[in-house]
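The values are calculated or read from the model by the stated rules, or taken from the named source; none is laboratory data. No experiment lies behind these values; they were computed from the predicted model shown. Heads up, the Cβs are rebuilt from the backbone with ideal geometry, glycines too, and the neighbour counts pull from every protein chain shown. Side chains included, ligands, DNA and RNA excluded: accessible areas come from the protein's heavy atoms. Shrake-Rupley method; radii C 1.70, N 1.55, O 1.52, S 1.80 Å.
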Amino acid sequence: MSNLSEAYRDTPVHLHHIIPLDFHAVDSVPESHEWPHSDVLRPVIDEISIPLVDLKDPNAQKLIGHASEDWGIFQVTNHGVPLGVLMDVEFEARRLFSLPVKEKLKVLRSPEGATGYGAARISPFFSKFMWHEGFTIIGSSSVDHAKQLWPHDYESFTDVIDVYQKKMKELAHQILLLLLKSLEISEEDITSWAASTHDSNNGALQLNSYPCCPNPSRAIGLAPHTDSLLLTILSQTHDSSALQIFRDGVGWIAVAPVRDALVVNVGDLLHILSNGRFPSVYHQVIVSEKEHRISVAYFYGPRTDAQVAPLSRIEVPIYRSLSVKEFIGIKAKHLDKALSFVRI
Ligand SMILES: C=C1C[C@]23C[C@H]1CC[C@H]2[C@@]12CCC[C@@](C)(C(=O)O1)[C@H]2[C@@H]3C(=O)O
Ligand SMILES: O=C(O)CCC(=O)C(=O)O
Ligand SMILES: [Fe+2]
């Protein structure tokens, strides 16, 4: 078992917060999933776009450095992941989520576990449930799960996941190096961080499913949150702007998908490493009546025993040093308040 799974073991989640609704069996939104209008129908700005960076641009390092500082989120093109690979994962994700509930429950996440089928881990922090089901993969956890779901035909799933994880890990590593270089820190720090992420097997892949919803004005796909690790790479092969980010002084902004582009966002650990220069972006997902949306998120992290502390030699640190495992524990208990517990 990977350490990232171990890091979640101390904060078990109750089963009723793990088992998703049988979305196909309902024709209206049950009270348990009915959010106040004010939470769902927030004013959203469509006219502003998050930065878009061509990774082959000679200025890519500077551009994503600025984007991370200013926004904490950007999209990248020319990222080297073939569209076919993105489509293959989406296809396999759809195959998984369209299985009957009885089948999906065979690979239900356990209360102390991190991998498998279930509701989002942030679910216990909200009084209403989300219009969402997920499948989390860490390391090779999907092999056993796929064998349970498709005993004679699991390889197309595991092969596609394997290729995707490798591609994402490479890309995440490349982007992390560019971001660290843009922070004006020492070569030693860059080298040691590069090593602590590259040899580690601490990425997680999350397949997200947002089924069609009979009343999208009362349901939430994924409630507002920040991602915990260093950075997240998100693939959304559909055309609707379901992902929204919160920008200080502006409000909620819809992230319009760009064909062939991947969305990259800063997570809490990179926020700490950068001493707050890169904000970990607050985001949420809305649902639709007609479209069953699938997204695939890759979370890139350092080894869980690594110490994370602000890297800059110039500024006074505003966060204390802590291990990844310790941060995951704090986040699992305090969610949005986690960073304030790390502040000096
Ligand atoms: C490595 C990770 C990152 C996790 C936890 C664990 C596995 C699943 C990830 C997500 C995916 C859905 C949103 C989120 C907020 C959630 O509930 O589970 C993510 C969370 C985090 O970024 O904190
Ligand atoms: O589905 C999306 O667009 C975002 C998913 C997300 O925020 C997550 O998996 O952490
Ligand atoms: Fe997220």
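Inspection of segment 302-310 finds no residue satisfying the criterion of being within 17 Å of the chain's Cα centre (by Cα) and within 16 Å of ligand 3 (Cβ to nearest atom). Within segment 92-145, if we keep just the residues that are of a type in the set (D, E, K, R) and within 17 Å of Ile328 (Cβ to Cβ), the residue that is least open to solvent (accessible area, probe 1.4 Å) turns out to be Arg109. In the set (1) outside any strand (DSSP E or B); (2) open to solvent by 10 Å² or more (accessible area, probe 1.4 Å); (3) over 18 Å from Ala120 (Cβ atoms); (4) touching a residue at least 60 places away in the same chain (Cβ under 8 Å), Ala332 fails one condition alone, (3). Within segment 262-277, the set of residues being within 16 Å of Glu326 (Cβ to Cβ) and within 16 Å of ligand 3 (Cβ to nearest atom) comprises Gly267, Asp268, Leu269, His271. Selection of strands (runs of 3 or more DSSP E) fully inside segment 198-315 by the criterion of at least 3 residues being in contact with a Lys or Arg (Cβ under 9 Å, 6 or more places away or on another chain), in contact (Cβ under 8 Å) with a residue 12 or more places away in the chain and more than 19 Å from Leu171 (Cα to Cα) returns 204-210, 251-254. In segment 316-329, of all residues being touching a helix residue (DSSP H, G or I) at 6+ places or on another chain (Cβ under 7 Å) and not in a helix (DSSP H, G or I), the one that is surrounded by the most Cβ atoms within 10 Å (Cβ to Cβ) corresponds to Tyr319.
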